[in-house]
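Notes for the one structure printed next.
The values are calculated or read from the model by the stated rules, or taken from the named source; none is laboratory data. Model, not experiment: these values are computed from the prediction. Here Cβ is always computed from backbone atoms with ideal geometry, including for glycine, and neighbour counts include all displayed protein chains. When the accessible area is computed, the model is the full protein with side chains, heavy atoms only, and any ligands, DNA or RNA have been set aside. Shrake-Rupley method; radii C 1.70, N 1.55, O 1.52, S 1.80 Å.
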Amino acid sequence: MAALKYAGMDDTDSEDELPPGWEERSTKDGWVYYANHDEMKTQWEHPKTGKKKRCAGDLPYGWEQETDEKGQIIYIDHINKRTTYFDPRQAFTVEDVMVKPKRYDGNTAALEILQGRDLSDKVVLITGGNSGVGFETARSFSLHGAHVILACRNLTRANKAVGLIQQEWHKARVEAMMCDLASLRSVREFAQSFKAKKLPLHILVCNAAVCTQPWSLTEDGLESTFQICHLSHFLLVQCLQDVLRRSAPARVVVVSSESHRFTDLLDSCGKVDLALLSPPKKEYWSMLAYNRAKLCNILFSNELHRRLSSHGVTSNAVHPGNMMYTSIHRSWWLMTFLFTLARPFTKSMQQGAATTVYCAVAPELEGLGGMYFNNCFRCLPSIQAQDQSSAASLWELSERLVAERSTGIQAL
């Protein structure tokens with residue numbers, strides 16, 4: 001019990017205590033065995049109950065397993081700055097039974113979802129991960145061992161975000177790379193640079209977005225909200241599709257919004273209309289442009305899942321939260337003012353990142369996609385967002401737009 005107390009887990013409901021002279025230990029992969037110091041022997045069965053046990057789940061958040069200079073396994077608690085030979089999971093050993101998935105909601109933080117998870121074998125790519133929900137998503141993955149890459153336009157801000165995460169945990173594997181979503185050329189260059197690293201890609205989070213922007217055209221001649229929120233993410237996935245397939249099972253999470261419900265994309269013939277997605281200045285309204293881009297996100301995610309799920313790559317769209325204070329509305333003073341007033345009642349960034357993280361790692365979602373999530377629950381998007389013909393029409397339009405602005409783009 002002294003070891004349990006040292007690990008901060010002496011308050012347990014463990015089974016029968018061991019006889020004098022016995023000690024409970026665990027292997028590196030979590031199986032429990034028992035050492036008899038009097039007879040100098042070990043065995044897998046509990047000396048009283050005869051049962052075999054294993055440790056339940058991964059190490060708790062903040063713990064890390066390492067090996068000392070004598071080759072013995074040690075456990076480091078980075079939060080409380082202490083080291084022990086006792087496996088903290090031994091306080092929660094179980095027989096080999098199925099554990100039901102935990103239910104989460106709008107009050108759940110991203111780090112709660114990842115509690116006990118070891119993501120050291122995962123590579124995660126996040127667009128726009130230097131601030132807001134994207135930063136908290138990146139931070140959460142990094143603190144649980146994942147190799148995280150922030151694809152950002154502003155490298156100064158991105159490197160600052162990297163520094164903040166590494167200050168919190170010096171072993172965090174997080175880096176920033178240049179990717180300006182307002183430039184299809186920049187997206188292609190980023191994809192080439194990423195591939196040059198010869199890394200797998202297990203989780204791709206299409207997070208970056210702009211909202212309430214004044215009308216402007218990108219260097220590719222398209223309205224900036226449409227290109228940054230949708231088209232550049234479409235191209236990014238096209239460029240990295242081979243990496244995602246090789247890394248299967250892989251997941252794509254596309255950050256959308258409930259605002260997708262308040263718009264339409266179709267012309268009188270029922271086809272997705274480019275004039276609505278990339279309108280001239282006189283027909284532009286910033287909020288409507290954002291709503292349309294968010295509808296594109298869901299249609300894109302659904303069609304992506306339909307095309308790549310057979311290759312082990314799934315895709316889901318998420319809404320991060322209805323009331324959440326971020327910097328995405330910084331271009332519109334009225335929205336900034338209203339959100340400042342409402343800030344005491346809004347979600348935190350950690351809560352905003354929870355649904356993205358849930359869709360990226362939840363075991364119960366393995367192999368499942370083409371869905372829309374809000375507050376970590378599956379919900380139905382708008383009628384048009386569910387329309388397969390609209391998804392196919394948007395895909396064809398997006399494919400044509402990037403092809404017209406480049407050569408050699410491989411279709412999915």
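Here, the chain has an Rg and a Dmax of 24.3, 87 Å when only alpha carbons are counted. Per-residue Karplus couplings for segment 165-176, computed as 6.51 cos²θ - 1.76 cosθ + 1.60 with θ equal to phi - 60°, are listed in order as 5, 6, 5, 6, 9, 5, 8, 4, 9, 9, 8, 10 Hz, Gly and Pro entered as x. Computed about the Cα centre, the dipole magnitude for the chain is approximately 1120 debye when only Lys and Arg (+1) and Asp and Glu (-1) carry charge, each at its Cβ. With respect to the chain, whose longest principal axis is taken over its alpha-carbon atoms, helix 132-142 is tilted by about 30°. When you filter the GluC sites (Glu not before Pro) in segment 38-86 for DSSP loop state and at most 13 other Cβ atoms inside 10 Å of their Cβ, you are left with GLU39, GLU45, GLU69.
The relative contact order of segment 23-95 comes to 28 percent, based on Cα pairs under 8 Å that sit 6 or more residues apart. Of the Cα atoms belonging to segment 23-95, the radius of gyration and Dmax stand at 12.9, 37 Å.
Among LYS122, LYS52, LYS160, the largest mean-square fluctuation in a Gaussian network model of the chain, built with springs joining Cα atoms closer than 10 Å, belongs to LYS52.
To the nearest ten degrees, helix 286-308 and the longest principal axis of the Cα atoms of the chain are 60 degrees apart. Of all lysines in the structure, the ones whose alpha carbon falls short of 27 Å from that of LYS41, not counting any fewer than 8 places away in one chain, are LYS5, LYS28, LYS51, LYS52, LYS53, LYS70.
Out of the DSSP beta bridges found with both residues in segment 110-408, what percent are antiparallel (nearest 5)?
Antiparallel bridges: around 15 percent, rounded to the nearest 5.
The C-alpha atoms of the chain define a longest principal axis, and helix 184-196 lies at about 30 degrees to it. Extension gain, THR27 to SER120, is 31.6 nm, computed as 0.36 nm per intervening residue step minus the present C-alpha separation.
How do TRP285, TRP395 rank by accessible surface area computed with a 1.4 Å probe, from largest to smallest? Spell out each step's value before the answer.
On the way: TRP285 150, TRP395 5 Å².
Ranked from most to least accessible, the order is TRP285, TRP395.
Give, as a single signed number, the net charge of other residues whose beta carbon lies under 14 Å from the beta carbon of VAL272, with Lys and Arg counted +1 and Asp and Glu -1. Residues near VAL272 contribute -4 overall.
Near ILE203, once Lys and Arg are set to +1 and Asp and Glu to -1 for all other residues with Cβ below 13 Å from its Cβ, the sum equals +1.
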